[in-house]
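Just so it is clear, none of the values below were taken in a lab; they were calculated from the coordinates. Bear in mind that the values here come from a model prediction, so they are computed numbers and not experimental data. Cβ sites come from the backbone with ideal geometry, for glycine too, and all protein chains shown count toward neighbours.
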Amino acid sequence: AQKVTQAQTEISVVEKEDVTLDCVYETRDTTYYLFWYKQPPSGELVFLIRRNSFDEQNEISGRYSWNFQKSTSSFNFTITASQVVDSAVYFCALSEVSGNDMRFGAGTRLTVKP
Amino acid sequence: DVKVTQSSRYLVKRTGEKVFLECVQDMDHENMFWYRQDPGLGLRLIYFSYDVKMKEKGDIPEGYSVSREKKERFSLILESASTNQTSMYLCASSSSSGRAYEQYFGPGTRLTVT
């Protein structure tokens, strides 16, 4: 069975601090996809990134970076120099090849204080 | 701009009422999804549809049904609302080609059943 664990329920940092959100997953599939979504206070989930299981390269997009390690079944998300606008709930998700069976973690609420 | 809209942001219903939640997407996506979001549980899939008139059960279909008569519209139906169905309901859509697997979400409907 597929499962995603986000052990950090809430994180609070001060602006300009770096912060890492952890994500650990379980799956028996050899091909799968991993995602991160952001849910700001407005409620609408916003897609941030998708990785497939064959691509373990780390990715950087501006202040955001993702570290995918199959050996530890982890897909962690780091925000560098955090800003107040980064305050949101962040979800990690895992899906099978079809993309129709997506499993979400419980989410991590990030609060960035000025 | 991609767009998924949901008929209501907030809804209050009484126990036993039949409730309809509507979702419309304008991206010509084949796949549509209904999730419920509860604190500490993340998003859980209720139903999804990969084509008009087609539907598949997700993890928690009990007490719900769905309807997809047109490609752009996916309705979630609570046959007889109960207080344990008080939750945030999120609709999403995705393509079966191109940027497949990337789900686009609506703003959510917060349903309270009293």
Query raised in the report: So what's Rg/Rh here for chain B, counting alpha carbon atoms and using the Kirkwood radius for Rh?
Result: 0.95
Report summary line: Taking the dipole of the protein assembly as shown about the Cα centre (Lys, Arg +1; Asp, Glu -1; charges at Cβ), the one of B:Ile46, B:Thr114, A:Gln8 that reaches farthest to the positive side is B:Thr114
Report task. Assign unit charges at the C-beta atoms only (+1 for Lys and Arg, -1 for Asp and Glu), then state the dipole size of chain B relative to its Cα centre in Debye, rounded to the nearest 20. Result -> 280
Requested in this report: Just report the Cα centroid separation between segment A:76-114 and segment A:1-29, whole Å.
Outcome: 7
**Report entry** Most mobile listed residue (A:Leu21, A:Leu45, A:Leu34) in chain A, GNM with C-alpha springs under 10 Å
**Finding:** A:Leu45
Report task. Please list, or write none, the lysines whose alpha carbon is within less than 17 Å of the alpha carbon of B:Lys70, excluding same-chain residues fewer than 8 places away. Result -> B:Lys3, B:Lys53, B:Lys55
**Report entry** Interchain or long-range residues, amide H under 5 Å from B:Ser8's placed H
**Finding:** B:Glu22
**Report entry** Mean Cα-pair separation over length for chain A, i.e. relative contact order, pairs under 8 Å, 6 or more apart, %
**Finding:** 38
